[in-house]
Every structure is written in C-alpha cells, then in structure tokens.
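Okay, so here's the structure we're looking at.
The values are calculated or read from the model by the stated rules, or taken from the named source; none is laboratory data. From a predicted model like this one, the values you see are computed outputs, not experimental measurements. Cβ: placed from backbone, ideal geometry, glycine included. Neighbour counts: every protein chain shown. Heads up: the accessible areas ignore ligands, DNA and RNA and are worked out on the full protein's heavy atoms, side chains in. Shrake-Rupley method; radii C 1.70, N 1.55, O 1.52, S 1.80 Å.
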Amino acid sequence: MDPKFIRNFSIIAHIDHGKSTLADQLLLKSGTITQREFRAQILDDLDIERERGITVKARSVTINWNQDGQVYELNLIDTPGHVDFHYEVNRSLAACEGALLLIDAFQGVQAQTVANAFAAIAVNLEIIPVVNKIDLPVIRVDEVLEEVETVLGLDATDALRVSAKVGLNIESVFEAIVKKIPPPKGTPDAPLKALVFDSKYDNYRGVITYVRIFDGSVKKGDKVRFMREQVVNEVLEIGQFRPNMVACDELGPGQVGYILTGLKELSKVTVGDTVTLFHNPAAEPLPGYQKPKQMVFCGMFPIDATDFEALREELQKLSMNDSSFSFVPETSDALGFGFRCGFLGMLHMEIVQQRLEKEQDMDLIQTAPNVTYQIVKRDGGIMTIDNPQDVPDAGIIEEFREPIAKVSYIVPSQHVGTIMQLCQDRRGIYRSTEYLGPTRAQIIYELPLSEIVYDMYDKLKSVTSGYGTMDYEIIGFAAADLVKMDILVKGSRVDALSTIVHRSNAERRGRALVKRLKEEISKHQFEIAIQAAIGSRVIARETISALSKNVTAKCYGGDITRKRKLLQKQKEGKKRMKQFGEVEIPQKAFLTVLESAKDD
Amino acid sequence: MPPQALYVHVPFCLHHCGYCDFTLVANRDHLIPQYLEMLGRELNHYCREFTHRRKITTLFIGGGTPTHLSPKDLQTIFELIGRHFELSDDGEFSIEANPDGLCDERLSVLEANGINRLSLGVQSFDDAVLKTLERKHSAAEATETIARASNFIPNVSVDLIFGVPGQGLESWQQTLEHLTQLPVKHISTYGLTYEQGTPFYRQEKSGVLKRMPDDLERDMYLAAMSHLESRGFEHYEVSNFGLPGYQCRHNNVYWNADEYYAFGPGAARYIDGIRSTNARSVVKWLNSWNKGEPCEEDREQLTTEEKAREAIMLSLRRMAGLHVASFEARFQLSLQDLAEEEIRQHVEDGLLEYSGECLRLTQNGLLIADSVVSDFL
C-alpha cells in the first residue's frame, strides 16, 4: 500500500460530545460495517464501557474510502475521553498524523477538549475542528468556533459542521481527512520500525499486539524483536481490524494493524515498545512513552479468607488487559490478607471494581482510596507511600510530600467565585483565569491530588448544575504538613481505617469520621470507644453505648426450632461483618473514610 | 422412655390482636367442629402404635384462646386427649385463657377434667395499654376474673407484656404492684416483639407505632425483676417468675430439651430425636388431615453437636444456668471443646459466670441474652 493513500487519525473530544457515534457513522458510511452488523458504539467492546458510555481502551479500525475515484486506507485509532486516561490518549495520538477535534455545538469547548487538543498539538498533529450535534434545537456554533480560536488557537474557518447522530455531513469528514491530514512518511526499504500502541489478551490467540508501522514492513513468518523487552518471536499472523481481525500478507509504512506471535504473557508486550526484524534490526527504537503512574490506591480484602487465591486470579486476569492497573499482596491486622491495588484515578478504580464484581461472586471489603505519597527521611532516603499503614514514625520523617495536580476548570462565568472558593478550601494555589467568551471561563489551580480524587468531580457538577468540566494532570510532588490519622476501636488501632490528612484538616476529618463510624457499627455487648488519633494524641472520640436490651422473652411455645433459627439468623448477621478483636465492623464502615471526607 | 409432656394447640380467638403471631383464626368459629374432628384424626395417627393409654405428667393446652371454645367443645377436647393419654396423679395440667368470656361454666368443665393450672393472658392492668394491644378486656374484668378463677383452679399464672408503645415505667410498676396483690402463683413478663407478618410489625415499620427505646424497655424488665423478687417470686427463666414450688413444669420440659407430643395447627413436637412443626396455616392443617395426611412443615434431626448447642441455648435462659457435668454426661462431649472461646470472652465481658457447678448468665448477660446465647449456635 502506497503511504500516499493512507491516513491515520484519532477522534478527540470531551466526554459525551459524540466521539463513538461519529466513529460508528464513519464505519457505516464507508461500508466497513453494514447496518445489520451495526451495534451502537461498536468500538467500545467492553461491556463496562458501553454501560458507562466511556471509552477506556484504545482500539483501532481500518476503513476503505473512495475519494474521487481513489481508494484510501483510513485508520481510525480510538482514544479514551476521561481524565484518568491521559496516558492512553497520548499513546494513540503518537500513532497518528491527524485528529478530528469533536465539539458539541451547544456545550462548546470543555476541559477535556482543551486537554486533548493540547496533547494533539504537542505531537504536531493536523487538527480538524468538527462541530457535532448541529441537529439539536439549541446550538451556538459561532460562539463555539470563537472558543476554538481563542482557547485553542486553532483556525476554525474550515471547521466542519455535522450531526453524527443523524448522519449529516459525514462525507465532509472523509473529505477533510483525505485532504488535510498528511499521509504518513516512512521508508519501505528501511529496517522495520513498528510502534506498539496497544495490546490485549485473547484466550485463544494469546497476546494481540496493535502496531503502527513507521518504517519497513512485516510479513507472516518474519522473526521479530520487541526492542525494549528483548523478546524475539516469529510472526504467526498479521492483519488489520475491519473491524474484526482480517489477516493480510504484509503491513508496510504508515499502515496500522495487529501482529500475533503466540505470546501468552501480556506483560512481555509493553505499549510504546518498537517492533523490528530480528535479522535486519533498526538501529534505534522509536521514542517510547512514559509508563503510566498509579496515583490512587486502595486495599481489597476478601471477607472470607479462603477467597484470597480466587481474588488473586481475578486481579491477574484484569491486569492482563489493563497494564495501567497494579496489585501487590498486602496484610492488614484488621482485614487479613488482601491486595493493595493501584489505579490511574478514581474512575479507573471504579471501573476495575465493577469488573471484579461482575466477573466473580465474592464479598470484598474495599478500603478508602488514598493517593501516593513520598516521604523524605532524615537520612536522605525517599520512600513512596501507597498505603497509610506504611508511614514511618514521625521521628524519622524529614519531609512529607504529596502529589500536586494542575487542574483546569471550564465553567459558566457566574460560577467562577464558587469554584475558586472550593479550591481555596482545599488548599489550592490559584494560577489563572481566562474568559473563553462572555459567558464562560477557564480557571487553573494547583491542588493536592488528595483533595480532588474523592469527589471534586461531583462537587464541580453540583455547584455548576452540571455545566462545569474539569481536567487534571499530575505536575509533581510538594512538601506539606501531613500526618497519619489512626482510628482506634475499643482501644485497638484498626490499620485499615488509617488515613493521611493535612494537619489543618485532621480534627475536622477525625470528628466526621468517628461520627460516621458510630453510625455504622452496631451496639455490642459492651461499650465501644471510637477514637481518632495522631500518634498518641486523641483528637476525636465517640462512644457506642453497650447493647442495653436484646432478649426475646417469648420462647414460642415449644417451637424451639423457630427460636433457634431466629437466634442463628442473628448470628449470621454478625458473621457478615469483619470481626476486629471483639468488635464487628461492617463492610460499609471501611468506606466511611471516603464518605466523611466528602462531608467536609 | 416416651415423652411425658403433651401440647395441644387450639387456634381460635375472639379477636386477632395486632402483635400476635401465633397460629390462630378469629371469626372462624364455624371451623371448630371440623377442627375437633381433625384433631381426633391427628391424635389417632400419631398414637396408632400405643398399646395402652400413655401417662403424661404435663399437659399444656395453648392457643389461640382455648377457652374461646364452648364448654361442650372443651369437653370434647379432653375426651379426644383421654383416648390416648392418661393424666398422672401428680401432674401439671395447664390451659391458656383470656379474661373475657371465662365463665364459671367453662371453669367447671376445666376443673372437672383435671386442669390444675390456669394461664391467663392479662397483659396489663392499664386500660390504655390494653387498648393499644387490642385486648378485649378491661383491667377491672381481669381483676375480677383472676379472683373468681382462683376459686376453681388455685394455681393461676398471669402473662404480662411490657415495652408497649405509649406505656410508661409508672404504668408498668402499677401493673406489677396490682398483680402481686391478687391470688397468683406464677407470672410471665414478655417484652413486646414486633414479629414479621403482624400488623404491629408493619405499623412499626411505617412509623404508626413508635418502638420503645431500648433503655426504657430494659428498665421495665429490671423493675419486674426487682418487684417480683421482693414479693417472693423466684425468677427462674428469662421471662418467668414463680412462687416457690410453682415453676411451670411443662415449660421446663422445653428448656430441658426433653421430648414432648404436640397436636393442632402450628404445634411443635419433639419425638425420637426429631423436631417437627405442623403447618402453621389452620386451613392447611385442616385440609391435610381431611385427606388423612400429616402436615409437618419443619422437620429436623439434629446431630449430637447441634443438640448440645441447642441445649446450651435453652439452659442459659434459665437462671440456674447450665449444669456442666450433667450437660457433658448427657451429650458425651466437653463444654470447653465445644465453646471455649465463646465462654472465655463472655466471662471476661461479665456476661456469663460460673456459679457452683453451673455456667449462667449474669444480670448484664440476661439483659442481652439473645445476643449472648446466639454466639453458641
């Protein structure tokens, strides 16, 4: 295939601006799929993505398009649209020469529109602004285009106006792709350089490696080397996604497709790696990407200890298809054996949890999430803290550091004050405000990640009646006056309830937390003190009074069976909780840490 | 040895009180003849292998309201029982009754047929509380009935209910005081329970009835204990108090985990190591015996360990507690092996204690007996 007739592109957009619908239309109009094969949002092949309307994993599809008598091969590389998945956006963009910037004709430029557009600009992609949903009764196309020019600095004169939903002006999209996006460069005779931009595991075929060829070509039977992982394998099959996997003889410069080598371990295929030929290798690999960093962690513990191995298997299965998710065994005095799991962000965490719940039937206790911290020790060493339990004695801590995110909000102008107040209350550092037009503004703050992960998104949505959007990226770590707050139940520390908080918030958080716990833990046969403490200093306390009366006087005549069953039921109720010392703590209590933080 | 105790359930009432979840029907008196016929069939079925009338030492006719039956029907019940069982000379033969309608004629029939213990469902001497409980008698009627009935049957026991919405501690104390002036030998005090399926349960859920705070209910229970004990009543089981020599022998059979016969809808029996309960629906029970078929709904044969655990549950309800040596001899196992951790923990928390050769609830343990006892199951 002559690279002249290849176009590689992504669609980038804020969530819900119609990315998947446009992708579907491109497939339909080009005949890549028939109406009969059409399923809504075909690219989102994970159920969870469909349920939530969010694309998590990058996927690609090859489309043939006849433009003025010439057949072009268009490769659409899908990108995820949520803040947690920046990393996946970047790796998709690296495989393209252009991008369709899709913007809702009413909502206009939103936080992730900006973030994604800047990511595309950073890698020099040709950007085609596309205003979507022009079939809606209320639209403001002119203002939206003005925002594109002022906020993003893009020329919006030739912006396309489409409705993906009703299939309006889709041809103009194809035409713009062909005419505006540059064809891939690349030398057919050079040694093979293929960028791995995604991978997934298939039970029958092993690892499926998604590649974009930059130089050279690859054929079935070639011996290939993954340059970073130093893995050598024979190519069993190559092909393209149309959208199902269709084998082909060769993939040349500019083309996008898959390689099967029969490899069984997904971990051996690193996204960002370069595939070359074993016998005629490239001198240098393509620039790779940074590995994604897990920023949010939580513990997952089976209620029934015998489920531990089953949980491990499930987590392993999940991580096979999601290299950005990590887990390591963890032991808690309170909860026993479990795993500390790392996620890119809160949404990522929720998605993984939902998958776990879907795919297996076990009772799990999940601890409140926390971000990752750094501790500089007196001896100069640096510790990474993914778990509040690992915080060392205050005596050896020189500096406690927390991750800082640059957060960009786009909100209606009248909410600027509210958002600033929200950020100020959360230890935010103001950076800038920019008006996108008469009615909307972009505000930039630097905020501790811990202050945004729990509920910033929900808060933003509620104070702006749903009109505000946000995006964030981690910009580094900064020293802060952080302390570990412990929870003591009847005098014993419950490690799984420990949290890291800013000293200035500690008392308020502590009070809120013990109050919540008091509601969650039911009365026992004795009095239970619930305390929040920093080191040995108690900062908040609540007492659950002892059960004062629990005796069913009746013995139900001679119906002992009934009596016994009633009492057994009472006991079963206790069993569903986690016994900690003598105190039974219900599953829900372990999430009160999160809830009480939200109460703030 | 065959069971020495017999229970007969009579499921008829004048009115179905909102808190009651025993097997009963109200305003279905037309079913009484059929009931008597089917009771006869059931007795014939379970007693078919008897070669002679078996002697029983305790009988308990409960309900419902057994004395809702006419004197003639009551007579029939005794005849049906008498075909297969013989009351021993020194036995305890009880019947439940409500103050309303307990006329001299009925009392005569009871007395003539060997009934020597009367269990009266008085519940309260506060008319407001009686109204809440939907009882059909007044405090005055109850007082009158107790005095009159004791002339026929001197051993009178009275049931009381505390923890009733709107009931104050003072009302409860007055009820206790009033009752102990009357000729009664035995008193049962029950905390009101909102049983699933009853109108009270739904009304409590929907907020129409306001559940009494635990602390007040506990204070009422404590008040009953101190008042009744001061009047010479011995607190011998969670909800039972008797003058010396007047413990309920029939109920002691249950708490000893001994065996007993039982007849009538919803009745639970324990024979040959098997516990079984008749259909709780009166109509179902009638239809079943109409076809000549037994209708046991729950039937279980417990393992030795389960029996032992059940025995712990039952005997801890008695103030005397669990006699460790007898328990171990009876079940051929060690109490320590069975429940070492539970006992240690509860003793440490002051809920259980050893007293002589027995393990028993402390006063604190008694207040939350369900919670303590369930740990052994």
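Side notes on the structure shown:
- Equivalent-ellipsoid semi-axes of the range A:441-515, from the Cα gyration tensor, Å, largest first: 30, 16, 10
- Convex hull of alpha carbon positions in chain B: directionally averaged projected area 18.7 nm².
- With both labels modelled 7 Å from their Cα along Cα-to-Cβ, the A:Arg541 to A:Phe337 distance reads 3.8 nm.
- Distance from the range B:255-300 to the range B:142-181 (C-alpha centre basis), Å: 32 Å
- Chain B, dipole about Cα centre (Lys/Arg Cβ +1, Asp/Glu Cβ -1), debye to the nearest 20: 1120 debye
- Shown here for the range B:1-51: chymotrypsin sites (Phe, Trp or Tyr not before Pro) in loop regions (DSSP other than H, G, I, E, B) with at most 15 other Cβ atoms within 10 Å, namely B:Phe50.
- Between A:Gln421 and B:Gln196, the C-beta separation translates, for a Förster distance of 45 Å, into a calculated FRET efficiency of about 0.35.
- Protein heavy-atom accessible area occluded, A/B pair - total, 1.4 Å probe, Å²: 3300 Å²
- Other residues within the sphere of radius under 13 Å centred on the Cβ of A:Ser408, judged by their own Cβ, net out at -1 (K and R +1, D and E -1).
- Shielding of B:341-348 by partner chains, average beta-carbon count, 10 Å: 1
- Kirkwood hydrodynamic radius of the protein assembly as shown, from the reciprocal of the average inverse Cα-Cα distance over all distinct pairs: 34.5 Å.
- Taking chain A and dividing mean pair separation by its residue count, relative contact order in percent (alpha carbons under 8 Å, at least six apart): 10 percent
- Across the range B:60-108, C-alpha contacts under 8 Å between residues 6 or more apart give a mean separation that, scaled by the residue count, equals a relative contact order of 64 percent.
- Threshold 20 Å², the range B:361-375 residues less accessible with all protein chains present than alone (1.4 Å probe): B:Leu367, B:Ile368, B:Asp370, B:Ser371, B:Ser374, B:Asp375
- Here r is the Cβ-Cβ distance between B:His178 and B:Asp272 and R0 is 35 Å; the resulting FRET efficiency, rounded to 0.05, is 0.15.
- Tail fraction, Cα-Cα pairs, the range A:296-368, threshold 14 Å, whole percent: 54 percent
- Within the range A:257-350, chymotrypsin sites (Phe, Trp or Tyr not before Pro) in DSSP loop having at most 10 other beta-carbon neighbours inside 10 Å: none
- Within chain B, the longest run free of trypsin sites (Lys or Arg not before Pro) that sit in a DSSP loop with at most 11 other Cβ atoms within 10 Å is B:49-209.
- Accessible area of the range A:374-479 belonging to carbon and sulfur atoms, whole % at 1.4 Å probe: 50 percent
- Helical contribution to [θ] at 222 nm, DSSP H n ≥ 4, -39,500 (n - 2.57), averaged over chain A, rounded to 500: -7500 deg cm²/dmol
- Take the Cα of A:Glu399, go 7 Å toward its beta carbon, and the backbone nitrogen atoms of the range A:475-503 under 14 Å from that spot belong to A:476-482.
- Hydrodynamic radius of the range A:260-333 by the Kirkwood approach over all distinct alpha-carbon pairs: 15.6 Å.
- Distance from the range A:151-171 to the range B:1-61 (C-alpha centre basis), Å: 84 Å
- Taking the DSSP bridge list for the protein assembly as shown and keeping only pairs wholly inside it, about 70 percent are antiparallel.
- Beta bridges per DSSP with both ends in chain B, % antiparallel, nearest 5: 40 percent
- For the range B:6-111, the spherically averaged projection of the C-alpha convex hull amounts to 7.0 nm².
- Inter-part distance where the range A:306-370 and the range A:377-396 are each reduced to a Cα centre, Å: 24 Å
- Anchor A:Lys165: lysines whose Cα lies under 27 Å away (excluding residues fewer than 8 positions away in-chain): A:Lys19, A:Lys29, A:Lys57, A:Lys133, A:Lys179, A:Lys180, A:Lys461
- Taking N as its residue count, the alpha carbon Rg of the range A:374-479 over 2.2 N^0.38 Å: 1.29
- Anchor A:Lys293: aspartates and glutamates whose Cα lies under 16 Å away (excluding residues fewer than 8 positions away in-chain): A:Asp84, A:Glu88, A:Asp322, A:Asp386, A:Glu402, A:Glu473
- Computed over chain B, the per-residue total of -39500 (n - 2.57) for DSSP H runs of n ≥ 4 gives a 222 nm mean residue ellipticity of -12000 deg cm²/dmol, rounded to 500.
- Percent accessible area from carbon and sulfur atoms, chain B, protein chains only, probe 1.4 Å: 47 percent
- Using the 1.4 Å probe convention, the accessible area of the protein assembly as shown works out to 41 Å² per residue with neighbouring protein chains retained.
- Average Cα contact separation per residue, the range B:322-374, under 8 Å, 6 or more apart, as relative contact order %: 31 percent
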